1. So between Ala2 and Ala47, what do we pick up on full extension, going 0.36 nm a residue minus the alpha carbon distance?
2. If you take the beta carbon distance between Leu70 and Leu18 as r and set R0 to 22 Å, what does 1/(1 + (r/R0)^6) give as a FRET efficiency, to the nearest 0.05?
3. What's the magnitude of the charge dipole for the chain around its Cα centre, counting Lys and Arg as +1 and Asp and Glu as -1 at the beta-carbon? Answer in Debye, nearest 20.
4. Using only Cα atoms, what Kirkwood radius does the chain have, in angstroms?
5. In Å², what does the accessible area per residue of the chain work out to with a 1.4 Å probe?
Amino acid sequence: MAVEFNYTLPVTPGDNQLAQLFSVTGLPKGLVLNPKNGVISGRPRKAGKFKVKAYASNPLGKSSPVTAEL
């Protein structure tokens, strides 16, 4: 049985001045991202290490990716 996963993408002070949307690539099946608050949650369907890239965007543009391993 998979363990529940819950993680909030960090936001640095000042980033909240404009509305942001988050996006990710590379999430394993069973995990989903809430694009409004940056919360990744769910139950991964299989164990392993997954390379994930996260982005934030607002009316001024899209960030460079931040890469992490889950």
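1. Value of the extension gain: 15.4 nm.
2. After rounding, the FRET efficiency stands at 0.20.
3. 340
4. 12.8
5. 74
The values are calculated or read from the model by the stated rules, or taken from the named source; none is laboratory data. Here the structure is a predicted model, which means the values were calculated and not measured. Neighbour counts run over all protein chains shown; Cβ positions are idealised from the backbone, glycine included. The area values use the complete protein model at the heavy-atom level, side chains included, leaving out ligands, DNA and RNA. Shrake-Rupley method; radii C 1.70, N 1.55, O 1.52, S 1.80 Å.
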